[in-house]
1. Going through segment A:25-46 one residue at a time, which ones are more than 8 Å from chain B (Cβ to nearest Cβ) and not in a helix (DSSP H, G or I)?
2. Are any of the residues in segment B:236-248 in a helix (DSSP H, G or I) and over 20 Å from residue B:5 (Cα atoms)?
3. Does residue A:5 qualify as being out of contact with any helix residue (DSSP H, G or I) (no Cβ under 9 Å at 6 or more places or on another chain), without any contact (Cβ under 8 Å) to a residue 40 or more places away in the chain and of a type outside the set (Gly, Ala, Ser)?
4. Taking the conditions exactly as written (among the hydrophobic types (A, V, I, L, M, F, W, C), in contact with a helix residue (DSSP H, G or I) (Cβ under 9 Å, 6 or more places away or on another chain) and closer than 28 Å to residue B:128 by Cα), does residue A:21 satisfy them or not?
5. Across segment A:101-117, which residue is surrounded by the fewest Cβ atoms within 10 Å (Cβ to Cβ) among those that are within 11 Å of chain B (Cβ to nearest Cβ) and not in a loop (DSSP other than H, G, I, E, B)?
6. For segment B:110-149, which positions are in a loop (DSSP other than H, G, I, E, B) and more than 23 Å from residue B:176 (Cα to Cα)?
7. Anything in segment B:60-89 that is under 16 Å from residue B:205 (Cβ atoms) and assigned to a loop (DSSP other than H, G, I, E, B)? List them, or say none.
8. When residues of segment B:134-149 are filtered for being within 7 Å of another protein chain (Cβ to nearest Cβ) and out of contact with any Gly (no Cβ under 8 Å at 6 or more places or on another chain), how many remain?
Amino acid sequence: MLIKKSYLSSVMLLIVGISFALGFGYYKNAVAKEQATATVAINGERIAATKSIVFDIADQGTPKKWLQPNQILIASYLIKNESKNPLDIQVEAVDFVKQVVLEVGSPDLQKPSAIYTGAVGSGKTLRVKVKMDLADQHFSQTKQQIGVLQIVDTQTGALLGTTSVYAMNSTQSLDLDQKPVTPSTPHEAHESHGSHEEK
Amino acid sequence: MNQREIKRILGYFAGLFLFFAPFAYYQKTLSAWLGGSQASDIHSFCLRIPLLNVLTGQSIEIFNVGIISLLLLVSAAFFLGPFFCAHLCASGALPEYLSRLMPKRFKIDWQRSVNPVPIRYGFFVGYLLSPFLAGSIACALCNYSFMERLIVGGVQGDIGPLGSTAIITAILWLGIFGVMAKGGRGFCSYLCPVGALQSAVHSVGARFGFTYKLRFIPSKCVNCKQCVKKCPMGALSHKDGVLSYVVYNCITCGQCAGVCAKKALSYGTGESGWQKENAREPELELVK
């Protein structure tokens, strides 16, 4: 009996190739929480409502836990201009203890800073990448605010939107002696805007 | 270092400045020529977007950086072979050159151990299917994306946050299939959909006399096997006194031709000279 041995091995390897690609797609979905996304719609008048962003540093893939657990990314912080006019805005990372970088568009020769200034056309959306460092900060099961992203109208100085960023470690038991990681505005003060919806 | 090698290195440096941010002069020039302000980084050059648009039946925008680049890539592969892989792709070149620093005894000959062709094309099929079944793996296992991060990190002084998938990509691309691999192009051989597409197109183009291809004159071959040792993709092998060639895994880098003292191998137009007994087609081999 003739067996197409090499043919069979080729088919098996083909299946391995397909399975690896699909398996990696599922893995990518499984570790999607490593990166956050948030959208804030601004209208140029009142402070826009937006959800807070909460990072659980325990909810990361193993490679990231091993190599870079304290570097986190908001892959898409989308600012949508719902007003009828273009808006000149400034996006600013406020109260973060460590370095924060706001990146818009393709990377440039200059390293971006914690402040971005630009215009958003009417009906257009600006995508900002926010890169943060949480090194030397300790988190427990209770989420702690690590900073705020603010959107300000550069012409009037009016606050157009804010997004609070929190971090926690769901595997770390609560340490009552632990102090807040940032000297920022207390959580309750931000709640007083009445516009935040926790995730 | 011979002239051919110097040209290759210069080509890869050109590719680095042409396609990768923060430079990306190719995308910036093309984007300006098209009158738009498209993103100017490696993602706008991505194979996935125009292919997905075709597969999903979405409106196909002809005049954008992605579609024009895909057409150029396919045309070049048809007439010249995988020209981009062989002369411009800095992400393929980096692990190849890094692997030369590693002593041979520590390196794995992946292509000889596991036939790369079915995995390469299986991965290509899975890559195209993944958006419909498992969510897109694009960017998740992309060595182009990681290469850009390295360049931007080098320029700006900070590589930024890496996801788990990016870390795995780096381990595979630069480590297991890079520095640890004979030839350093294990990632290209098994996991690069851009290379797979070009080699597939080249396998068709190479059948015509007017296209460029790797040519072989069997009567000049003295079985020195230098070409087999030099090939970073494992496209050449030698068994029972016969030199075999797999076009589906060849990037036409020409290193084999450069090392062939008898000029049995060359890159040019005309008949390829590869006979059926030279062209390895393992799936047709019958075993009792």
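The values are calculated or read from the model by the stated rules, or taken from the named source; none is laboratory data. Since we're looking at a predicted model, the values are computed, not measured. Note that each Cβ is placed from the backbone with ideal geometry, even for glycine, and that neighbours are counted across all protein chains shown.
1. Passing the criteria: A:36, A:37, A:38, A:39, A:40, A:41, A:42, A:43, A:44, A:45, A:46.
2. Among the residues of segment B:236-248, at least one is in a helix (DSSP H, G or I) and over 20 Å from residue B:5 (Cα atoms), which makes the answer yes.
3. So residue A:5 fits the description; yes.
4. Here the answer is yes, as residue A:21 does meet what is asked.
5. Per the criteria, the residue is A:104.
6. Passing the criteria: B:134, B:135, B:136.
7. Answer for segment B:60-89, where residues must be under 16 Å from residue B:205 (Cβ atoms) and assigned to a loop (DSSP other than H, G, I, E, B): B:81, B:82.
8. Here the count works out to 1.
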